[in-house]
Amino acid sequence: MKRNLILLLLGLPLCCLAQIDLSGDWKFKTGDDLAWSRAEFSDSDWKTIRPSNIWESQGYENYDGYAWYRIHFKLPASLKDNAYLKDSIRVLLGRIDDVDEVYLNGEKIGQTGHFPTEKGGYITAWDAPRRYVIPGNHPALRWNTENTISVRVYDGGGGGGMFEQAERSISFVDLIDYIKLDASQSPYDFSPKWSIKKKIFLENKYPKAIDGELITEVFTHKNKIKPDWKAQVNITVKASENLPCPITFSSQERARVRFTFKEKNTGRTRTVEQETPYILTPPEGSMPQINNPDAFGARPGVPFQFTIAVSGKQPMQYTIKGLPRGLKLEQQTGVISGMVNTRGMYSVTITATNNVGSRSKIVNFVIGDNICLTPPLGWNSWNCWGLSVSDAKVRSSAESMIKSGLARHGWNYMNIDDGWEAAERDAKTGEIKTNDKFPDMKGLADYLHRMGLKIGIYSSPGARTCGNFLGTWQHEQQDAQTWAGWGIDYLKYDWCSYDLIAPDKSLPELKKPYEVMRAALNATNRDIVYSMCQYGMGDVWEWGEEVGGNLWRTTGDINDTWESLRDIGFIQHKSSAFSRPGHWNDPDMLTVGWVGWGDHLHQTRLTPSEQYTHISLWAMLSAPMLIGCDLSRIDDFTYNLLANDEVLAIDQDALGKQATQALKKDDYQIWVKELADGGRAIGIFNLSDEDRKIDVNWSELGLKDYKKVRDVWRQKDIGKFGKTFSTEVYAHGVTLVKLY
């Protein structure tokens, strides 16, 4: 049922409301005044704003700090009369970036996160759903007359305010609200061919059993209204039970599945709809294939580590020609290490051999001032483990990176985000320490290096990190030396509490902390990739290279929704001119696989088509790709999504040019990327909610000489074309081609 309509109880007339819709436009004002919470306050001169998009996209670009939202609505007594249960009223407000408190007619009814002025300081809660419950007889409720909800918001940086296309409503808590219908706990099992198995979980949090009906409907993309297959089964979910419901159905390449639980007493439903995964990447061949980019940069006189990434039948033997003096090859791991003292470009021929055959590739080792010549490929702990990251989880993730085979496709950074820091520095030396979850950071780094992987770490220029751990404030040089001593290869440096130090957000103040850390990193004896995380403030892409960044965040944090992916990914054209080898725009980490920002993980909420768009767009953008999922639970679909070497080659192209937005329509966009071999990569993105055919006229894109077209995901040539090219693109999906 569409979110922009008032939701109704099944079978009831229009006058009998089940809930009040709050998803329309709200009133909005920047600043902070508690008088704005009162019902009698007049907001007639406030701006109007959509609650589904951050305020930066609605005329308040780069605004951080306090702001208020207000909405007026009538609360009819029929809402109470038609409720099956009348004990509690629930207010749903979706997600809010970062901290909020909510008032109903001037009375506070809830808060999520901590404001900077509160005890313990600022604590962000940007990803938490706002769900506030009050008694059904709460004195603030005004029946059959106008009510006002006021939301006070604080944003510490990046995106601000309400966001995502979520349900916003007021309703009585009913029996169906105690049922959780979860289709994210188990993957789709596609064995044998076309027979699909899936477990749906029904959890009952009501103190009594709830009866109902579980309905499964399967739709193909050709049949959008009438299901191709349907099954119904009566079911009882006991109190406190999390009931697994196995389902088996048949489907071809791609289908849409709707799971519905219909509660017996009221007829109200809980529904989850999913697109089944579909794999486009062909199976890996047995012949060796060297997947490293064409260039690798390092500084002279510092430790050097390069791992040969080769897919194909294992084991492999390696031979090297043209290796500069000071480097050696470790046959077992394919790691080239040592130190090069002389500047220059060294063309190194790498040959990989197995019992099927041999393949060679030339990689240019560029010894000079520039590192990170292609965007980093690796993993970051935040999008799965959040602050619960530990040494054991990093080691397990590294082992999965190797065992799964992803490392053979070039994924090699293992980055620890926030949550590793001890509560206090060393009392005598001031040295930063690790907490109990990380008993030996150098030992962990050595372990990863022996596997051919690299290690990253996280900090903030402020006194505290975003997770309220120790930052580097007034210890920048000392911490950089400590990290170098541990063997760190990558630093994510997050603005966080530096808001409390900077007197303003003028350009000199935005640059200052990043210049200080760049100087500190330069003084170490290691190549440490420098990731500046400050959410795009001050158009950082225009000066990120100037202050020594290897990559810089261009946006606020991403999450695993289409709205977040769309709103972040498709605004990157504004920064495209500032991307080049050694210096990259960073639209944030990947949200595919099992994610969750803590110990309770779930399958990404992105559909398979949206995940293809995610990886394709990041490749077109020459963006750093950092996997954010639990690597130990990677399934066939996610693996093939991340192991397509032709897609990764677009991201890792040595020319280092970011794609440009060549054509923008209301419901689709076409992006074009120039490649080092003279070809062009073309991303045709369908932003609409329906599958559609898209006709491309090459001349509209400024292309005349390219006729041969290759489907990059399927890794096959699809013919020669004249002036136009037509393609069927799934809803929120992509066609990614290369032109020769």
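The values are calculated or read from the model by the stated rules, or taken from the named source; none is laboratory data. Being a predicted model, the structure only gives us computed values, none of them experimental. Methodologically, a virtual Cβ is constructed for each residue, glycine included, from the backbone with ideal geometry; neighbour enumeration extends over all protein chains shown. We work out accessible area using only protein heavy atoms, side chains counted, and drop any ligands, DNA or RNA first. Shrake-Rupley method; radii C 1.70, N 1.55, O 1.52, S 1.80 Å.
One table, with the values for the structure above:
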quantity: Count - residues of region 407-420 that are touching a helix residue (DSSP H, G or I) at 6+ places or on another chain (Cβ under 8 Å) and under 26 Å from Asp127 (Cβ atoms); calculated: 7
quantity: Which numbered condition Asn468 misses (of (1) touching a residue at least 40 places away in the same chain (Cβ under 8 Å); (2) more than 25 Å from the chain's Cα centre (by Cα); (3) open to solvent by 20 Å² or more (accessible area, probe 1.4 Å)); calculated: (2)
quantity: Members of region 225-254 that are part of a loop (DSSP other than H, G, I, E, B) and either of a type in the set (Phe, Trp, Tyr) or in contact (Cβ under 8 Å) with a residue 12 or more places away in the chain (or both); calculated: Pro227, Asp228, Lys238, Ala239, Ser240, Glu241, Ser251, Gln252, Glu253, Arg254
quantity: Evaluation of Phe306 against (1) within 25 Å of Pro581 (Cα to Cα); (2) assigned to a loop (DSSP other than H, G, I, E, B); (3) not polar (S, T, N, Q) (one fails), failing number; calculated: (2)
quantity: Test result for Ala392, of a type in the set (A, V, I, L, M), in contact with a Phe, Trp or Tyr (Cβ under 9 Å, 6 or more places away or on another chain) and surrounded by fewer than 20 Cβ atoms within 10 Å (Cβ to Cβ); calculated: no
quantity: Of residues in region 101-124 being open to solvent by 20 Å² or more (accessible area, probe 1.4 Å) and among the aliphatic types (A, V, I, L, M), the one modelled with the highest pLDDT; calculated: Ile109
quantity: Residue pairs meeting the criteria (Cβ under 9 Å; at least 6 apart or on separate chains; first at pLDDT 90 or above and in a loop (DSSP other than H, G, I, E, B), in region 186-210; second open to solvent by 50 Å² or more (accessible area, probe 1.4 Å) and of a type in the set (Lys, Arg)); calculated: Lys205/Lys180; Lys208/Lys238; Ala209/Lys238
quantity: Total residues in region 290-303, condition assigned to a loop (DSSP other than H, G, I, E, B) and either modelled with pLDDT under 95 or within 27 Å of the chain's Cα centre (by Cα) (or both); calculated: 3
quantity: Residue match in region 537-555 (condition: surrounded by fewer than 24 Cβ atoms within 10 Å (Cβ to Cβ), touching a residue at least 60 places away in the same chain (Cβ under 8 Å) and under 16 Å from the mean Cα position of the chain (by Cα)); calculated: yes
quantity: Extreme residue, surrounded by the fewest Cβ atoms within 10 Å (Cβ to Cβ), among residues of region 23-81 that are among the β-branched types (Val, Ile, Thr) and more than 24 Å from His138 (Cα to Cα); calculated: Thr48
quantity: Residue check for Lys264: at pLDDT 95 or above, more than 34 Å from the chain's Cα centre (by Cα) and within 30 Å of Asp211 (Cβ to Cβ); calculated: yes
quantity: Test for Arg152: is it within 30 Å of Leu470 (Cβ to Cβ) and in a strand (DSSP E or B); calculated: yes
quantity: Members of region 611-647 that are closer than 20 Å to Asp677 by Cα and open to solvent by 10 Å² or more (accessible area, probe 1.4 Å); calculated: Asp645, Glu646
quantity: Pairs with Cβ under 8 Å, 6+ apart, first in region 327-354 and open to solvent by less than 30 Å² (accessible area, probe 1.4 Å), second in a strand (DSSP E or B) and acidic (Asp, Glu); calculated: Ile336/Glu330
quantity: Test result for Trp671, within 26 Å of the chain's Cα centre (by Cα), crowded, with 17+ Cβ neighbours inside 10 Å and more than 25 Å from Gly582 (Cβ to Cβ); calculated: no
quantity: Selection within region 162-214 - open to solvent by 20 Å² or more (accessible area, probe 1.4 Å), more than 30 Å from Leu75 (Cα to Cα), touching a strand residue (DSSP E or B) at 6+ places or on another chain (Cβ under 9 Å) and not acidic (Asp, Glu); calculated: Ser184, Gln185, Pro187, Tyr188, Phe190, Ser191, Trp194, Ser195, Lys197, Lys199, Phe201, Ala209
quantity: Those residues of region 27-69 which are under 27 Å from the mean Cα position of the chain (by Cα) and more than 28 Å from Tyr535 (Cβ to Cβ), in sequence order; calculated: none
quantity: Condition broken by Met401, with the remaining ones in (1) of a type in the set (A, V, I, L, M, F, W, C); (2) more than 24 Å from the chain's Cα centre (by Cα); (3) buried (at least 18 other Cβ atoms within 10 Å of the Cβ) satisfied; calculated: (2)
quantity: The listed residue being open to solvent by 60 Å² or more (accessible area, probe 1.4 Å) and either touching a Leu at 6+ places or on another chain (Cβ under 6 Å) or closer than 20 Å to Trp382 by Cβ (or both), out of Lys492, Lys454, Lys437; calculated: Lys437
quantity: Test: Lys403 is free of Cβ contacts under 8 Å to residues at least 12 places away in the same chain, assigned to a helix (DSSP H, G or I), out of contact with any Phe, Trp or Tyr (no Cβ under 9 Å at 6 or more places or on another chain) and not aliphatic (A, V, I, L, M); calculated: yes
quantity: Matching helices (runs of 4 or more DSSP H) fully within region 475-577 where at least 1 residues are touching a Phe, Trp or Tyr at 6+ places or on another chain (Cβ under 6 Å) and farther than 28 Å from Leu601 by Cα; calculated: 507-522
quantity: Test: residue in region 217-228 that is among the β-branched types (Val, Ile, Thr) and open to solvent by 20 Å² or more (accessible area, probe 1.4 Å); calculated: yes
quantity: Index of the failed condition, Met287 passing every other in (1) open to solvent by 40 Å² or more (accessible area, probe 1.4 Å); (2) farther than 30 Å from Leu181 by Cα; (3) assigned to a strand (DSSP E or B); calculated: (3)
quantity: Search result, residues across region 25-75 that are among the charged types (D, E, K, R) and more than 22 Å from Asp499 (Cα to Cα); calculated: Asp25, Lys27, Arg38, Glu40, Asp43, Asp45, Lys47, Arg50, Arg70, Lys74
quantity: Criterion: farther than 13 Å from Leu280 by Cβ, touching a residue at least 12 places away in the same chain (Cβ under 8 Å), out of contact with any Gly (no Cβ under 9 Å at 6 or more places or on another chain) and aliphatic (A, V, I, L, M) - qualifying residue of Leu626, Leu617, Leu655, Leu631; calculated: Leu655
quantity: Qualifying residues in region 267-284 (those that are open to solvent by less than 20 Å² (accessible area, probe 1.4 Å) and under 24 Å from the mean Cα position of the chain (by Cα)) - the one farthest from Ile528 (Cα to Cα); calculated: Thr276
